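Accompanying notes for the structure given below.
The values are calculated or read from the model by the stated rules, or taken from the named source; none is laboratory data. For clarity, every value in this text was computed on a predicted model and none was experimentally measured. Backbone-built Cβ (ideal geometry, glycine too); neighbour counts: all protein chains shown. Just so you know, the surface numbers come from the protein's heavy atoms only, side chains and all, with ligands and any DNA or RNA stripped out. Shrake-Rupley method; radii C 1.70, N 1.55, O 1.52, S 1.80 Å.
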Amino acid sequence: METLVVDHPLVAHKLTTLRDVRTDSPTFRRLTDELVTLLAYEATRDVRVTEVTIQTPLVEATGTQLTRPTPLVVPILRAGLGMLDGMTRLLPTAEVGFLGMARDEETLQPATYADRLPQDLSGRQCYVLDPMLATGGTLAAALKLLVERGADHITAICLLVAPEGLVAVEQKLAETLPDDHGATLRVVTAAVDERLNEDGFILPGLGDAGDRLYGCS
C-alpha cells in the first residue's frame, strides 16, 4: 500500500488552522472542504481517462475525458460526509456511495450499519473519504469490502494519519485479502502525525473530526 503525503504550503496552512482548538465548527467545515479539494487534486493524478476528439471554435483538437464507469466516491459516515463536497467539486461526474461503520463493543471489530454501494465494482476506481486514520480498523474493513466487490484501484483520502494506523491497515489487509487480489491501494494525506495516545487519538492531531465538524458528540 502506497502512502502519499501532500507537501504544499497551502495544505500545511489549512491543516494548522484545523488543528487549532480555537477554530469553530463553521470555519472547520470550510477549511476541511478546501483542504480535501487540494488533497483530491493529488489523489486523482491516476484517474482513468480516454482520448477524445473535439471541435473548438477554430479547429479540431485532441483532448481527454474521464472513462466509464466513472469513479466512485465513498465517504465513511459520519465524519466522511464533511469531505464529500470538497471531493465532488473536483469530480462532479463521480458517483457517490455511502458506508457506515462502527466498532462492535463486544468483538471490538468494525461492523457495517449502512451500505449504499453497488454490489459489483468490477473495474471501478474508488476514492474513500475518512478524515482520521487512527487505529486503522475501519479503513481496513472498508478497503477489504471494496476489493471483494471488484474495485481494482482504491485511494483513501485522509486529513491525518497515525503511523500505527498505516501499519495496522497493511497488516489487516495482508491477513484477510488473497495475495493475488490485484487491487492498487493508496492513502493520500496532509500529514503523518507522531503517534496514537492510550485512547487511540492521533497526536498532535486535531481532536475528534466528527465532533469538530458538526459540533456534537
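So the values come out like this:
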| item | result |
| --- | --- |
| Residue list for the range 131-148, filter: outside any helix (DSSP H, G or I), open to solvent by 20 Å² or more (accessible area, probe 1.4 Å) and over 19 Å from V6 (Cα atoms) | T135 |
| Within the range 6-77, strands (runs of 3 or more DSSP E) holding 3 or more residues that are open to solvent by less than 50 Å² (accessible area, probe 1.4 Å) and within 24 Å of G97 (Cβ to Cβ) | 72-77 |
| Tabulated pairs, the range 1-14, first in contact (Cβ under 8 Å) with a residue 40 or more places away in the chain and over 15 Å from L31 (Cβ atoms), second in a strand (DSSP E or B) and among the basic types (K, R), C-beta under 9 angstrom, 6+ apart or interchain | M1/R186; E2/R186; T3/R186; L4/R186 |
| Hits in the range 1-14 (condition: at pLDDT 95 or above and within 16 Å of the chain's Cα centre (by Cα)) | T3, L4, V5, V6, V11 |
| Matching residues in the range 189-201 - criterion: being open to solvent by 10 Å² or more (accessible area, probe 1.4 Å) and either among the β-branched types (V, I, T) or assigned to a loop (DSSP other than H, G, I, E, B) (or both) | V192, D193, E194, N197, E198, D199, G200, F201 |
| Complete set of residues in the range 78-108 that are out of contact with any strand residue (DSSP E or B) (no Cβ under 8 Å at 6 or more places or on another chain), at pLDDT 90 or above and in a loop (DSSP other than H, G, I, E, B) | P92 |
| Test: residue in the range 149-163 that is open to solvent by 60 Å² or more (accessible area, probe 1.4 Å) and either within 19 Å of T112 (Cα to Cα) or in a strand (DSSP E or B) (or both) | no |
| Verdict on T184 being open to solvent by 60 Å² or more (accessible area, probe 1.4 Å), farther than 24 Å from E34 by Cα, in contact with a helix residue (DSSP H, G or I) (Cβ under 6 Å, 6 or more places away or on another chain) and of a type in the set (S, T, N, Q) | no |
